[in-house]
Amino acid sequence: MPPSTSTPRRCVFFDRDGIANQSPGPGYVNHVDHFHILPGFIDCIRAVSEKGLPSVIVTNQRGISRGITPPEQLDAMHRLLHSELAREGLALLDILICTADDSTHPDRKPNPGMLLSAARRYHLDLSRSWMIGDRESDVQTGRN
């Protein structure tokens, strides 16, 4: 695919746990039955969409690499999220996941790998985009 000549677009990146769904506190959301979408998240996606901006979730999920979260459960959680948003006429541009347990992995937040990947894939302008999260590592991801 040739590079786009259009102006890169802005985007809103969201952390998952604690922003899109109820945070488990310590530990992991490792089963779809424990994945509870926060009502305010749907309102946020609606507001972002009404501004004409895409939304992307970027989430560290090292429970996968540690064998705590079954990959099929992670997939089920994200299918549920897509389904609930679709029921409201909304969609995410993507959900990017880093399953690495190694903090030096370029995709593991606060490293910016997932954002950089999304920028390349979807022609996004990171300097004009936002990162929304509930931890200092999310803030640092946006800065990085």
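The values are calculated or read from the model by the stated rules, or taken from the named source; none is laboratory data. As the structure is a computational prediction, the values presented were derived from the model and not from experiment. Here the Cβ positions follow ideal geometry from the backbone for every residue, glycine too, while neighbour counts run over all protein chains shown. Each accessible area value is taken on the protein alone, full model and side chains, heavy atoms only, with ligands, DNA and RNA left out. Shrake-Rupley method; radii C 1.70, N 1.55, O 1.52, S 1.80 Å.
General remarks:
- Share, in percent, of DSSP beta bridges within the chain that are antiparallel, nearest 5: 5
- Taking 4 °C and 1.567 mPa s as conditions, the stretch 46-90 diffuses translationally at an estimated 106 µm²/s according to Stokes-Einstein applied to its Kirkwood radius (Cα pairs).
- The chain, dipole about Cα centre (Lys/Arg Cβ +1, Asp/Glu Cβ -1), debye to the nearest 20: 480
- Over the stretch 81-144: Kirkwood hydrodynamic radius from C-alpha pairwise inverse distances, Å: 13.0
- Probe 1.4 Å, accessible area per residue of the chain, Å²: 55
- Scattering curve values for the stretch 1-52, log₁₀ I(q)/I(0), Debye with Cα scatterers, q = 0.22, 0.26, 0.30 Å⁻¹: -0.84, -1.01, -1.18
- Cα gyration tensor shape for the chain, rounded if a/c is under 1.5, else prolate or oblate: oblate
- Counting only protein heavy atoms and a probe of 1.4 Å, the accessible surface of the chain is 51% carbon and sulfur.
- Working ranking of peptides 30-40, 117-127 by packing, defined as the average number of other Cβ atoms within 10 Å per residue, highest first, is 117-127, 30-40.
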